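The values are calculated or read from the model by the stated rules, or taken from the named source; none is laboratory data. None of these values were measured; they are calculated from a predicted model. Cβ coordinates were reconstructed from backbone atoms using ideal geometry, including for glycine residues, and neighbour counts include every protein chain displayed. In case anyone asks, the SASA skips ligands and DNA or RNA and just uses the protein heavy atoms, side chains included. Shrake-Rupley method; radii C 1.70, N 1.55, O 1.52, S 1.80 Å.
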Amino acid sequence: MATYKEIKGTSIEVVSSDPSNPQLGQIWFNTTSQTLKGEEFGSASWVSGGNMANARAYLAGCGTQTAGLAFGGVGPPIYDKTEEYGGASWTNGGAMGTARQRLGGCGIQTAALAFGGVDSPGSTRDITEEYNGSSWTNGGALSNARAYPGGAGTQTAALASGGATPSNTNATEEYDGSSWTAGGNLNTTRAQLAGCGLQTAALAFGGAPVTGATEQYNGSSWTTLSATLNLARERLAGAGTITAGLAFGGEGPPNTAATEEFSAAAPTTVTLSGS
């Protein structure tokens, strides 16, 4: 049987008292109480938000729950359009340099990252574009061209998860502002998913085959959560944080403009086994 270190890449910390500020996903053994403990989400749920201006699939997104960004995708046609979310409604933003669908994205409304995807000739791309709040410019290329990746993080500390290269993958890549390197693998191999959060605290949700499954990333490994999307879908986009997320667009089928908001109580310490 594989050990925890072989599976997760790190050992379980042994301590005499609980950490004063445990991180989500952290696990430790308390020698005083003789218990194995971990930090996990409290209760979580999705509720409806404002619809997009244009129903589309194969899009990407980023930002926060009250300042989101949606870009690319197909209605048809293949879009270079960008939409900005203000917490209740969507408005137009600057157009992308390359019209494409099936791409990934992350960052904030004024400093976003778009990566991978398929352009109008039908080629899978490794290109990355950076958004400054009004226009897009080229950034560093992905290690491997891929379509349908999930995205999270910032313009200089990004996360690309899953996708198709062309077969579905569970591989994750991390961006440092100039280049991409390998990260921890998703638990479920899937493409056409969405994500949100930071490079060290991210969510991945939805995807193909059609699912509402949600996973959380702690900077090195992914954990499957009990909360799932109300509308299981693929080819969607996301924005926000691991405690206040946004899922929008996609296909169930059919194409949808539906938006869901994810919320979670503050992480809490739980006893996994022992006294």
5 Å is the cut-off here: which amide hydrogens, built 1.01 Å from N in the peptide plane, fall below it relative to residue 151, excluding neighbours closer than 5 in sequence? 105, 161, 195
Let me spell out the model: positive unit charges on the Cβ of Lys and Arg, negative unit charges on the Cβ of Asp and Glu, origin at the Cα centre of region 34-137. What dipole size does that give, in debye rounded to 20? 200
List, in order, the whole-Hz ³J(HN,Hα) value for each residue of region 98-114 obtained from phi through the Karplus relation with A = 6.51, B = -1.76, C = 1.60 and θ = phi - 60°; use x for Gly and Pro. 10, 5, 7, 10, 6, 9, x, x, 6, x, 10, 4, 10, 7, 9, 10, 10
What does the accessible area of residue 178 come to, in Å² to the nearest 10, when a probe of 1.4 Å is used? 80
Directionally averaged shadow of region 61-201, computed from the convex hull of its alpha-carbon atoms, nm²: 7.5
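Any idea what diffusion coefficient region 170-262 gets from Stokes-Einstein, in µm²/s, Kirkwood Rh on alpha carbon pairs, 10 °C, 1.306 mPa s?
Details: Rh = 13.2 Å.
Diffusion coefficient, whole number: 121 µm²/s.
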Express the relative contact order of region 27-164 as a whole percentage, based on alpha carbon pairs under 8 Å and six or more residues apart in sequence. 17
How big, in percent, is the set of alpha carbon pairs in the chain lying more than 34 Å apart? 17
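Say R0 is 25 Å: what FRET efficiency, to the nearest 0.05, do residue 92 and residue 123 get from their beta-carbon distance? Before the final figure, lay out each step's value.
Working: r = 27 Å, r/R0 = 1.08.
For residue 92 and residue 123, the calculated efficiency is 0.40.
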In whole percent, what relative contact order does the chain give with Cα contacts below 8 Å and a gap of six or more residues? 19
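Per residue, how much accessible area does the chain show when a 1.4 Å probe rolls over the protein heavy atoms, in square angstrom? Intermediate results must be reported in sequence, preceding the final value.
Working: 11160 Å² over 275 residues.
On a per-residue basis, 41 Å².
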Taking the simple approach of a point 7 Å from Cα along Cα-to-Cβ for both residue 32 and residue 17, what is their distance in nm? 0.5
Length added when fully stretched, residue 226-residue 110, from 0.36 nm per residue minus Cα-Cα: 38.5 nm
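Would you kindly state how much longer the chain becomes between residue 51 and residue 143 on full extension, computed as 0.36 nm times their sequence separation minus their alpha carbon distance, in nm to one decimal? Don't skip to the answer; put the middle values down first.
On the way: separation 92, 0.36 × 92 = 33.12 nm, distance 3.43 nm.
Stretched out fully, the residue 51 to residue 143 stretch lengthens by 29.7 nm.
Could you grab the relative contact order for region 219-266? Cα pairs under 8 Å, six or more apart, rounded to a whole percent.
Values: 64 pairs, mean separation 14.4, N = 48.
Contact order relative to length: 30 percent.
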Kirkwood Rh and Cα Rg combined as Rg/Rh, region 196-235: 1.00
